[in-house]
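A.B. asks: Quick one: the structure is below, questions incoming.
The values are calculated or read from the model by the stated rules, or taken from the named source; none is laboratory data. Source: prediction; values computed, not measured. Cβ placement follows ideal geometry from the backbone for every residue including glycine, while neighbour counts extend to all protein chains displayed.
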Amino acid sequence: MFSLVAASACSLALVLSGCGGSGDNGKKEADAPNEAASTAIISVHGSEPAKPLVPTNTSETGGGGPIDMMFSMLVRFDNKGKPVNEVAKEVKANADMTQYTITLKDGWKFTDGTPVTAKSFTKAWSYGANVNNAQMSSSFFSGIKGFDELQKKGVAPDAELSGLKVVDDKTFTVDLDSPSSTFPIQIGIYAFAPMPEAFFKDPKAFGEKPISNGPYKFDSWEHNKFIKLVKNPDYKGGVKVKNGGLEFRIYTDIEAAYADVQAGNLDVIDTIPTSAQKTFQTDPMVQPIKQDGSVFQSFTIPTAMKHFGPGKEGTLRRQAISMSIDRKQISDKVTGGLNTPATDFTAPTIPGYSKNLKGSDVLKYNAPKAKELWEEANKISPWGADDVFKLAYNADGGGKDVYDALANSIKNTLNIKAMGAPMPTFKEFRNSVVSRSLVDSAFRTGWQPDYPSPENYLQPIYSSGAADGNGSNDGDYKNPKFDALLKKAGAAKSVEESNKLFQQSEEILLEDLPAIPLYYSSAKGAANKKIKGLAFNWKNVPDYASLSK
Amino acid sequence: MGKYLLRRILQMIPVVLGTTLLIYALVFALPGDPVAAMFGDKPVNQAVAAQIRSEYNLDKPFIVQYFLFLKNALTLNFGNTFAGQPVISVIGRAFPVTIRLALMAFVFEAIFGVLFGIISGLNKGKWSDQIILILSLLLISIPTFVTGFVMQFFFGVKWHILPATAGVDPGFIDLLMPAIVLGSVSMASIIRLTRTEISTNISEDYVRTARAKGMSNFQVTVRHILRNSLIPVVTYLGADIGALMGGAMITERIFNIQGVGNTLYQAILRGEGTLVVSIVTIMVMIFVVCSLVVDLLYAVLDPRIRYA
């Protein structure tokens, strides 16, 4: 994800509309690396990490930003989300995709001088999975054999995953519970980072002053002020670092960070405050950027909701609701064109994304058809005059405009009562969703991917295994046909083959509509005008290594 | 005097106990599970969540949690934040900058508030009085965040006269604009308060007597009018120190100052009971001490008041 692809400086849309000169521009930039630029420290927007800087314990962007730049995993992702071997020399699956043999490249070292070995990975993953360590990201290891034993109360603090076996210093094997074609992609996220021996001796001290193996190394962390990283001279991987270091400046309010970019005190901001969303692209004081993003926005209609249960009536009503929403108009008018109407259940930056799945017409605004389907459903069981279609969302996330517009679109098309139902805070909102107390109302859902695979957008949200409180299937959608396709995709022999199967499974979702896809949030940000190389990677994070002054 | 002081200090104990219990209960009553919220949109790993809950005593009943907190607090062990930082060091980082900011705002509002109040009060009805009155009315009616954003945009972003945000290590210049914003509303109130007091006192009998005795105009103003007019102003200023520290929340967010207000705001969002209670307790103590100092100052300013 860190390698500079010259064309990525243009958004996908620009590439399509002939951002042809990019190849030449990229060359010029690469040919003229001046010494001053390579030592410049770039200041970027950050927030105070919610946990110490330990990869397996970090699940939010405050700590995730610096950790992602400090650690190199077995594979890394290029800006298009394609996995490339990094520390791994080879990741090889057995015939039924349940066992992987991983060999490491030579010469990789941590910043304390100790070598990166097979043990650095197996011990780190076991630490992450062991419930005694209460690591936020422990669920990522759930596919590895022995995970369930490590999650039981009273397990030994140094117990390790039984599915991991060290063959020699540079080789280890991973046994999985079930076939997985996406495992070689999952190991690219930072929860799977290798850890040096020093970490296991004193995790607490490590969390304040991490030792890593990636493109950058830790320099200093002043709490609530900044986290500073400098270029790692011993780095052996494929990321081209074009600056001397990064300073993640801590802000509590993005408004203040944006004002600092305008005033020239901060180099890069990775998001845009609501107040500037309509103006940042024409603001003469900043260098704006907007690209297709990886965040999928939807609302979920729970299967427990009256009139929307599994069966003919529910399906008809879901399709009618979906077709009664004018996504294009809402994206353009309400969100200022900062979102792209959804055409599938993944996102444009993910390999496997598609614009023309079978049945994706249901995501297009079609008032007559919507009314027709709604009437058909009324014949099965009539929609009462007092019935209201409610859309719940958290009011602290700035969703009011969008949800009012959605409710109006549904109301005007179907001639039924519809309204937005705000809840004060995200915490309270999620609590009612998770405890299933929201059963008479649809509710806001969204997904920010962990790794660039359609599997990550589908398995955790719509599979039967993730329903009933065992995952993020908040609407308790269950369809054996869909589950079977996911399983088949998991056992596929190649990423291309599995992505095809994932698309087939999405076609089932387009018929059942467990959630109504709305749009993909664009990645948007701004930088000081002096900054060169500004671009977002597949997961809506600026490609920090490519920035220079 | 000593007895009075002792009584006042003893009174602090129930006040502090009462506030901690109340705040702890309020944070506890906040809807939503703070541990589940750590996982954000992602599914909650129940085994991990249970481990975290027991680590922070969140699995125990409310009253047990509160007494555990009290017991630890008495031994000066305030525990850790969810981020694994000792609460005491978080507080140690947050308070100095807020105190600096509040003191700067305090000095600003005291000096300019009293100064303009005197000018206005002594020139009642003249054009200088009118202008000061209108300006103070404007300042009172505009909310802090408007003054904050407007000043930030013009002085910081557009004209580059002062830093747009306080930055990493805020010094005098960095805190100047936030302090003016923070102190502006109180300054306007002090102007009006001082003006009213002076204009009433100026026509009092003792002032006339003093003039009749042949005292110079300056002596009359300073020794008689001002001394008597400033008693309510001192009360106001004393109570305002506490308000400035608590009220810095909005100003701190606008100018990205990592002080008490910002820390408290985030602790409430995350539902971190121990951190909220620890900060609020310190604020309560500051309030109580300030009002004690004000009461003692009365005796200095007004000879009629004596504490036995």
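A.B. asks: Is it true that some residue in the stretch A:437-456 is at pLDDT 90 or above, part of a helix (DSSP H, G or I) and in contact with a helix residue (DSSP H, G or I) (Cβ under 7 Å, 6 or more places away or on another chain)?
C.D. replies: Yes, because at least one residue in the stretch A:437-456 is at pLDDT 90 or above, part of a helix (DSSP H, G or I) and in contact with a helix residue (DSSP H, G or I) (Cβ under 7 Å, 6 or more places away or on another chain).
A.B. asks: Return the pairs, sorted by first residue and then second, in which the second residue is surrounded by fewer than 24 Cβ atoms within 10 Å (Cβ to Cβ) and of a type in the set (Val, Ile, Thr), the first residue lies in the stretch A:60-83 and is within 14 Å of chain B (Cβ to nearest Cβ) and closer than 17 Å to A:PRO542 by Cβ, the beta carbons are less than 9 Å apart, and the residues are 6+ apart or on different chains.
C.D. replies: A:THR61/A:VAL541; A:GLY62/A:ILE250; A:GLY64/A:VAL541
A.B. asks: Which residues, counting only those in the stretch A:86-109, are in contact with a helix residue (DSSP H, G or I) (Cβ under 8 Å, 6 or more places away or on another chain) and among the hydrophobic types (A, V, I, L, M, F, W, C)? Please lay out each step first, then the result.
C.D. replies: Of all residues in the stretch A:86-109, those in contact with a helix residue (DSSP H, G or I) (Cβ under 8 Å, 6 or more places away or on another chain) come to A:91, A:93, A:97, A:100, A:102, A:104.
Of everything in the stretch A:86-109, those that are in contact with a helix residue (DSSP H, G or I) (Cβ under 8 Å, 6 or more places away or on another chain) and among the hydrophobic types (A, V, I, L, M, F, W, C) turn out to be A:VAL91, A:ALA93, A:MET97, A:ILE102, A:LEU104.
A.B. asks: Sticking with this structure for a sec: Any residue in the stretch A:467-478 that is within 11 Å of chain B (Cβ to nearest Cβ), part of a strand (DSSP E or B) and of a type in the set (Ser, Thr, Tyr)?
C.D. replies: Within the stretch A:467-478 (the criterion being within 11 Å of chain B (Cβ to nearest Cβ), part of a strand (DSSP E or B) and of a type in the set (Ser, Thr, Tyr)), the answer is no, since none of the residues qualifies.
A.B. asks: Let me ask another. Do we have any residue at all in the stretch A:201-211 that's assigned to a strand (DSSP E or B) and modelled with pLDDT of 95 or more?
C.D. replies: Checking the stretch A:201-211: not a single residue is assigned to a strand (DSSP E or B) and modelled with pLDDT of 95 or more.
A.B. asks: Considering only residues of the stretch B:23-33 that are at pLDDT 80 or above and part of a loop (DSSP other than H, G, I, E, B), which is farthest from the other protein chains (Cβ to nearest Cβ)? Quick ask: steps written out before the conclusion?
C.D. replies: Start the filter on the stretch B:23-33 by keeping residues that are at pLDDT 80 or above, which leaves B:23-30, B:33.
Right, trim to part of a loop (DSSP other than H, G, I, E, B) and you get B:30, B:33.
Values: B:LEU30: 8, B:ASP33: 6 Å.
Among those residues, the one meeting the criterion is B:LEU30.
A.B. asks: Right, next: May I ask you to list the residues in the stretch B:34-51 that are in contact (Cβ under 8 Å) with a residue 24 or more places away in the chain and within 7 Å of another protein chain (Cβ to nearest Cβ)?
C.D. replies: Answer for the stretch B:34-51, where residues must be in contact (Cβ under 8 Å) with a residue 24 or more places away in the chain and within 7 Å of another protein chain (Cβ to nearest Cβ): B:ALA37, B:MET38.
A.B. asks: Something else: Could you check the stretch B:74-90 and list, in sequence order, the residues that are surrounded by fewer than 17 Cβ atoms within 10 Å (Cβ to Cβ) and in contact (Cβ under 8 Å) with a residue 12 or more places away in the chain?
C.D. replies: Residues satisfying the conditions are B:LEU76, B:ILE88.
A.B. asks: Okay, moving on. Which one is nearest to the other protein chains (Cβ to nearest Cβ), of the residues in the stretch A:135-151 that are assigned to a loop (DSSP other than H, G, I, E, B) and free of Cβ contacts under 8 Å to residues at least 60 places away in the same chain?
C.D. replies: Looking at the filtered set, the residue picked out is A:GLN151.
A.B. asks: Let me ask something else. Just give me the residues in the stretch A:91-121 being in contact with an Asp or Glu (Cβ under 7 Å, 6 or more places away or on another chain) and assigned to a helix (DSSP H, G or I), in sequence order.
C.D. replies: A:ALA118
A.B. asks: Restricting to the stretch B:161-193, count the residues that are part of a helix (DSSP H, G or I) and within 12 Å of chain A (Cβ to nearest Cβ).
C.D. replies: 3
A.B. asks: Same structure, new question: Looking at (1) over 25 Å from the mean Cα position of the chain (by Cα); (2) in a strand (DSSP E or B), find the lone condition where A:GLU160 falls short.
C.D. replies: It is condition (2) that A:GLU160 fails.
A.B. asks: Evaluate the following for A:TYR519: is it in contact with a Ser or Thr (Cβ under 8 Å, 6 or more places away or on another chain), surrounded by 18 or more Cβ atoms within 10 Å (Cβ to Cβ) and either more than 30 Å from A:GLY238 (Cβ to Cβ) or without any contact (Cβ under 8 Å) to a residue 60 or more places away in the chain (or both)?
C.D. replies: Working: in contact with a Ser or Thr (Cβ under 8 Å, 6 or more places away or on another chain): yes; surrounded by 18 or more Cβ atoms within 10 Å (Cβ to Cβ): yes; either more than 30 Å from A:GLY238 (Cβ to Cβ) or without any contact (Cβ under 8 Å) to a residue 60 or more places away in the chain (or both): yes.
The answer is yes for A:TYR519.
A.B. asks: For the stretch A:270-282, does any single residue satisfy the condition of being in a strand (DSSP E or B) and not assigned by TED's automatic domain parsing to the domain that holds A:VAL439?
C.D. replies: no
A.B. asks: For the structure I just gave you, tell me whether B:GLN258 is touching a residue at least 12 places away in the same chain (Cβ under 8 Å) and within 14 Å of chain A (Cβ to nearest Cβ).
C.D. replies: In short, yes.
A.B. asks: Okay, moving on. Among the residues in the stretch B:121-143, are any in contact (Cβ under 8 Å) with a residue 60 or more places away in the chain, closer than 30 Å to A:VAL155 by Cβ and away from chain A (no Cβ under 14 Å)?
C.D. replies: No: zero hits.
A.B. asks: Please enumerate the residues belonging to the stretch A:370-392 that are in contact (Cβ under 8 Å) with a residue 60 or more places away in the chain and either assigned to a helix (DSSP H, G or I) or among the hydroxyl-bearing types (Ser, Thr, Tyr) (or both). Before you say what the answer is, go through the steps one by one.
C.D. replies: Within the stretch A:370-392, the subset in contact (Cβ under 8 Å) with a residue 60 or more places away in the chain is A:376-377, A:380-381, A:383, A:387, A:389, A:391.
A:GLU376, A:ALA377, A:ILE380, A:SER381 - these are the residues of the stretch A:370-392 that are in contact (Cβ under 8 Å) with a residue 60 or more places away in the chain and either assigned to a helix (DSSP H, G or I) or among the hydroxyl-bearing types (Ser, Thr, Tyr) (or both).
A.B. asks: Tally time: how many residues in the stretch A:91-108 are closer than 21 Å to A:GLY490 by Cβ and of a type outside the set (Val, Ile, Thr)?
C.D. replies: Residues that pass the stated criteria total 8.
A.B. asks: Another one. Against the definition (modelled with pLDDT under 90 and within 14 Å of another protein chain (Cβ to nearest Cβ)), how does B:LEU17 come out, yes or no? Before the answer, list the steps.
C.D. replies: On the way: modelled with pLDDT under 90: yes; within 14 Å of another protein chain (Cβ to nearest Cβ): no.
So B:LEU17 fails the test.
A.B. asks: Within the stretch A:246-269, does at least one residue satisfy the condition of being among the small types (Gly, Ala, Ser), under 26 Å from B:GLU252 (Cβ atoms) and under 24 Å from the mean Cα position of the chain (by Cα)?
C.D. replies: Taking the stretch A:246-269 and keeping what is among the small types (Gly, Ala, Ser), we get A:256-257, A:259, A:263-264.
Filter again for under 26 Å from B:GLU252 (Cβ atoms), leaving A:256-257, A:259, A:263-264.
If we keep only those that are under 24 Å from the mean Cα position of the chain (by Cα) as well, we get A:257.
Scanning the stretch A:246-269 turns up at least one residue that is among the small types (Gly, Ala, Ser), under 26 Å from B:GLU252 (Cβ atoms) and under 24 Å from the mean Cα position of the chain (by Cα).
A.B. asks: Filter the stretch A:421-436 down to the residues that are surrounded by fewer than 19 Cβ atoms within 10 Å (Cβ to Cβ) and at the interface with chain B (Cβ under 7 Å from one of its Cβ atoms) and list them by number.
C.D. replies: Correct list: A:THR425, A:GLU428, A:ASN431, A:VAL434.
A.B. asks: Looking at the structure I just gave you, is B:THR20 within 15 Å of B:THR281 (Cβ to Cβ) and surrounded by 19 or more Cβ atoms within 10 Å (Cβ to Cβ)?
C.D. replies: Details: within 15 Å of B:THR281 (Cβ to Cβ): yes; surrounded by 19 or more Cβ atoms within 10 Å (Cβ to Cβ): yes.
Yes, satisfied.
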